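The values are calculated or read from the model by the stated rules, or taken from the named source; none is laboratory data. Remember, it's a predicted structure, so these values are computed and weren't measured experimentally. Counting neighbours? That spans all protein chains shown, and the Cβs are built from the backbone with ideal geometry, glycine included. Areas reflect the complete protein model, heavy atoms only, side chains present, ligands, DNA and RNA absent. Shrake-Rupley method; radii C 1.70, N 1.55, O 1.52, S 1.80 Å.
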Amino acid sequence: MRKLILLVCLFMGSQKSFAQVIDDFSDGDFTANPTWSGDTSQFAINSGKLQLNSSGVDSSYLSTSWAVNTINGMEWDVLVRQSFAPSSQNYGRVYLLSDQQNLEGSLHGYFLQFGESGSTDALELFVQDGYSITSVARGTSGLIAASFEVSVKVYRDSSGNWNIFSDYTGGKNYQLEASGNNTQFQQGICFGIKCVYTSGNATKFYFDDFYVGPLILDTIPPSLVQVNAINANAVDLIFDEAVDLSQGTFSVDQGIGNANQMVQDPVDSSLIHLSFTNSLISGNQYLLTATSIGDGAGNILSTTSFSFRYLAFSMPLSGDLLITELMPDPSGAAGLPEAEYVEIFNSGNSYFNTEGWQITDGSTTGILPSDTLAPGDFRVYLSSANAALFTSALIPNVRGLSSFPGLNNDGDHIRLLDQNNFVLDEITYTTSLYQDEIKAGGGWSLERMDLQFKCSDPLNWKASNDVRGGSPGTTNSLSTTFIDSVVPMLEFCTLEDSIHVLLHFSETPDVSTASIATNYRITNGIGVPKLAETIEGNSTIIRLTLNSPIVAGTVYEISVDETFQDCPGNKIGAWRTAKIGRADVPSAGNIILNEILFNAVPDGYDFVEIWNISDKIIDVNDLKIANADPFNGVLETIYPVYEESRLIFPGEYLALTDGPNFIRNTYHSNDPRTIFFCNLPSYTDEEGVVVLLDKSLKELDRFHYKQGFHFPLLNDVEGISLERISPFRISSDSTNWHSAAETAGFATPGMQNSQYQEGSEAEENLRVDPELFSPDNDGEKDILNLYLKVTKPGFYTSISIFDRSGKLVCRPAINELAGITSAWSWDGFTEEKEAAPVGIYIIYVEMIHPDGEVIHLRKPCVLAHRL
């Protein structure tokens, strides 16, 4: 601590008192030396500071005697900390002078106030006359609008000029903040503090280092406390007080020589900017020598030296910094504090300053502080509230962030950005990345296995093997060589506007090929785009700027050149074309439910397939998928089909599922891009209702399924979908659904159904198709379809099927209201759900109209079994 020598100013006159107040509370109490009075029961000493220790909503004060005849030439020093955002009901006061010991009533004097209403809170000096207060000097607005700690020094001269100095680090490097003039009062009897608070802030006021007395004379020369190399030719010096450079010189060893320019910072007079002709070399350690450096009091620092290191910081490129470890669910960790964290690693050969970098999940962003990352360095980022837990556990390289994104247990998208929002690295994780069901349940981190593989790939991640549950701040417990041989796909395209198209790829493209405009072609006269560029915030999207706009009602096809490759260098494969166009509004009958897998195999996933049977381009962002109560039909859970734009073109299928990779790997599909992720409602194995809605929740299609709709001879229906037979028949017709064929793998997600039949109406009164069918679920003529056509609506229709002996086998319809054209199906089973034997059957149709007309129709069919 610097010695303080009190200058007793003789010009103050023989009648003036020089009483002092000095208290740093190092004796652990405030009952003596000096003695404080007032609401003493509501204050305590905590770690050498005076702390408000109250409760409820109240106003509390302490004062100590300080009889003075004049305040000319006086100084007041105080440290104030308020760990909350001040308001009109939560603020502090330091009474520099009062003519009353009781600071709650009418008095005459001066006080500093810390807090006010609104968000422009500033340090402010007031004069109080009775109950009336008037501002004398106001500091910078907003500096104490949030939790703060500030050291304040106030001078008052013989002319009534008040000067307020502050240091918002809580130190002693004071800067002049405000000035004013007031001579209203000269005398008083006490100095004190006052706290106004609500219950939540009743223990959040702190005070320390009180000094009241004559002006303190400084006899200590300045001290050099920090040297920072800004670049190869610039060095900044920080002293412990404002300095005088009139006689000063600075030099650096190793041939750098004397500074050719010395500039005092215009805002912070303790900060000096030096320039050198000769350049520093990155990585070298240097010695700076300063001579003849003075301060405002005339103290001279004759000679001092300070060692520093120069590091040339580079602008990071993709792959230089990697996200190497995540802890989404820390509950139950064996040897780590239960706190979420993200670890990054400098995999390059350069030094980086992390100031302004960001870790984000899209909704919450953590801003990284200034920090040097050397090649091979790790950093662990987590909430500031948990940083001390990691430090206490001796975890190295920990940095707390005031705002830290919460990591979802079941999956999230985490990105590391530089200060210009350039994506340095990103990872989309789910619990499947753990590759371990037990560890996925909590207490284990996800680790990047191969730190030399600089492209982002979920397959390069696995659950940590460290016995503590993770390896934050150090080399990962997993180490392997990862090779990515998966070819990229152009998954789909969307319109940003009429001349900007977004190409969505399955993985991060190689920028060198993705940004070449001639690598893309668009049909229908558009040709090569004007520009191709990466899109900020998502490394898997390429934006094309077109030479002419997309026209409504036209379907365009975009193709990507075969030289296009992903980040690891895999060339694009077969899936390098996609369609684009302007979407129309969907309506009922445009898009239908076409296939449902509601009883997946254990650890498998369901799917719902939709089919665009219209001539419209439909954006699935306008659709929602839901379930409903099977008993009353009321909607229960509703999810958007896709959170962003994605188009389904006329005649196309899309299979919606929680597990697209599982469905692609389990079932055959002509195009893996037609199977994509969607949060599906729960569909029970026995019975349920699938509902397709538009964005206004208008119903587009509904299917009430039952397990009994499956082909009766199947012993186990797990993993077998129900397929729609005809898109032209209503979804509620149970005979219009059948188990997917065994020969098709028991499901056909994203492609034409194995049980699909084209017939939509009869060319005559009754048509049977096929006349010979074999209901063995092999996908070939498994179902007999019956098509009726009449000249007027309103017929009530009954259909009976008899064997050749005239015995009734099945009744597909009983008094059902038919249209001009109608259709039913027979799956080859009896009313008792037994397989009908091979043979000839007679289909008998009776139609009765309310006007009295009756129609009787007969047709034969043959039920056969494949040899």
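Quick check on the chain: what are the equivalent-ellipsoid semi-axes from the Cα gyration tensor, as sqrt(5λ), descending, whole Å? If you can, show how the numbers build up before the last one.
Values: eigenvalues 1263, 229, 115 Å².
For the chain, the ellipsoid semi-axes come out as 79, 34, 24 Å.
By a straight-distance test (C-alpha under 26 Å), which lysines pair with Lys807 as possible cross-link partners, with residues fewer than eight away in the same chain excluded?
Lys781, Lys833, Lys859
Find how much the distance from Asn679 to Ala44 grows on full extension, using 0.36 nm per residue of separation minus their present alpha carbon separation; answer in nm with one decimal.
Details: separation 635, 0.36 × 635 = 228.60 nm, distance 5.57 nm.
Contour length minus Cα-Cα distance gives 223.0 nm.
Straight-line reach from Lys439: which lysines fall under 25 Å, measuring Cα to Cα and dropping same-chain residues less than 8 apart?
Lys462
Send over a whole-number figure in Å² for the accessible area per residue of the range 206-268, probe 1.4 Å.
Details: 2850 Å² over 63 residues.
Spelled out: the 1.4 Å probe surface of the range 206-268, per residue, equals 45 Å².
Can you tell me which lysines have their Cα less than 17 Å from the Cα of Lys695? Leave out same-chain residues fewer than eight positions away.
Within the straight-line limit of under 17 Å, Lys695 reaches these lysines: Lys616, Lys624.
Using the Karplus equation 6.51 cos²θ - 1.76 cosθ + 1.60 (θ = phi - 60°), what ³J(HN,Hα) coupling, rounded to whole Hz, does each residue of the range 311-328 give in order, writing x for Gly and Pro?
10, 8, 7, 9, 7, x, 10, 4, x, 6, 10, 10, 7, 10, 7, 9, 10, x
For Tyr110, Tyr168, Tyr131, write out the residues from largest to smallest accessible area, computed with a 1.4 angstrom probe and no ligands counted.
Tyr131, Tyr168, Tyr110
Nothing charged except the Cβ atoms of Lys and Arg (+1) and of Asp and Glu (-1): what's the magnitude of the dipole of the range 734-867 about its Cα centre? Round to the nearest 20 debye. Can you show the working numbers first?
Details: 11 positive and 20 negative charges, 52 e Å.
Value, rounded to 20: 240 debye.
Taking amide H positions as placed 1.01 Å from N in the peptide plane, with prolines and chain starts having none, which residues 5 or more places from Gly750, or on another chain, fall under 5 Å of its amide H?
Those lying under 5 Å, H to H, from Gly750 are Ala655.
Could you tell me the convex hull volume per residue, in Å³, taken over the Cα atoms of the range 534-666? Present the calculation step by step, with values, prior to reporting the outcome.
Values: hull volume 22.5 nm³, N = 133.
Enclosed volume per residue, from the Cα hull, is 169 Å³.
Beta carbons within 10 angstrom, averaged per residue: use that to sort the peptides 67-74, 366-373, highest first. Intermediate values should be presented prior to the final figure.
Numbers: 67-74: 18.2, 366-373: 16.8.
Packing proxy ranking, top to bottom: 67-74, 366-373.
Taking the simple approach of a point 7 Å from Cα along Cα-to-Cβ for both Arg521 and Leu459, what is their distance in nm?
Here the modelled spin labels are 3.0 nm apart.
For Asn349 and Thr291, what does the FRET efficiency come to when R0 = 30 Å and r is the distance between their Cβ atoms, rounded to the nearest 0.05?
0.20
How about the range 664-741: which GluC sites (Glu not before Pro) there lie in a loop by DSSP and see at most 16 other Cβ atoms within 10 Å? Intermediate results must be reported in sequence, preceding the final value.
Details: sites: Glu686, Glu687, Glu699, Glu718, Glu723; in loops: Glu686, Glu718.
Taking the range 664-741 and a limit of 16 other Cβ atoms within 10 Å, the loop GluC sites (Glu not before Pro) found are Glu686, Glu718.
Tell me the net charge near Phe802. Cut-off is 15 Å between Cβ atoms, Phe802 excluded, with +1 for each Lys or Arg and -1 for each Asp or Glu. The partial results should precede the final answer.
Details: positive: Arg804, Lys807, Arg811, Arg858, Lys859; negative: Asp803, Glu831, Glu846.
Around Phe802, the surrounding residues sum to +2.
Each label point is 7 Å from the Cα along the Cα-to-Cβ direction; what then is the distance between the points at Ser798 and Thr365, in nm?
Rounded to a tenth, the inter-label distance reads 7.3 nm.
Which FRET efficiency value, to the nearest 0.05, do you get for Asn102 and Ser199 by plugging their Cβ-Cβ distance into 1/(1 + (r/R0)^6) with R0 = 22 Å?
Values: r = 24 Å, r/R0 = 1.07.
Plugging the Cβ-Cβ distance into 1/(1 + (r/R0)^6) gives 0.40.
Given Ser825, Ile814, Thr791, which one lies farthest toward the positive end of the charge dipole of the range 778-837, if we put +1 on the Cβ of every Lys and Arg and -1 on the Cβ of every Asp and Glu?
Among Ser825, Ile814, Thr791, the one farthest towards the positive end of the dipole of the range 778-837 is Thr791.
Restricted to Cα positions, what overall size does the range 629-673 have along the principal axes? Three whole-Å values, descending.
38, 26, 21
Sort the following peptides by mean Cβ neighbour count (other Cβ atoms within 10 Å, averaged over residues), highest first: 147-154, 634-641.
Working: 147-154: 19.4, 634-641: 15.0.
Packing proxy ranking, top to bottom: 147-154, 634-641.
Net charge near Leu680, counting Lys/Arg +1 and Asp/Glu -1 over other residues with Cβ under 9 Å of its Cβ?
Values: positive: none; negative: Asp606, Asp658.
The answer is -2.
With a probe of 1.4 Å, find how much accessible area the range 610-680 has per residue, and write the answer as a whole number in Å². Write out the running numbers ahead of the final one.
Values: 3030 Å² over 71 residues.
Roughly 43 Å² per residue, with all protein chains present.
Mind putting a number on the dipole of the chain about its Cα centre? Charges go on the C-beta only, +1 for Lys and Arg and -1 for Asp and Glu, and I need it in Debye to the nearest 20.
Details: 50 positive and 107 negative charges, 257 e Å.
Result for the chain is approximately 1240 debye, rounded to the nearest 20.
So what's the net charge close to Asp58: Lys and Arg +1, Asp and Glu -1, counting the other residues with Cβ under 12 Å from its Cβ?
Values: positive: Lys194; negative: Asp39, Glu104.
With Lys, Arg at +1 and Asp, Glu at -1, the neighbours total -1.
At a 1.4 Å probe, what is the % contribution of carbon and sulfur to the accessible area of the chain?
Numbers: 18610 of 37600 Å².
The value for the chain is 50 percent carbon and sulfur by accessible area.
On the principal axes of its Cα set, how long, how wide and how thick is the range 205-251? Give whole Å, largest value first.
Projected onto its principal axes, the Cα set of the range 205-251 covers 46, 32, 11 Å.
Once each part is reduced to its C-alpha centroid, what is the distance from the range 87-129 to the range 352-372 in angstrom?
Here the answer is 39 Å between Cα centres.
Pop the C-beta distance of Glu742 and Thr372 into the FRET formula with R0 = 45 Å and round what comes out to the nearest 0.05.
Details: r = 64 Å, r/R0 = 1.42.
Working from the Cβ atoms, E equals 0.10.
Rounded to the nearest whole Å², what accessible area per residue is found for the range 296-455 with the 1.4 Å probe?
Numbers: 6580 Å² over 160 residues.
With all protein chains present, the range 296-455 gives 41 Å² per residue.
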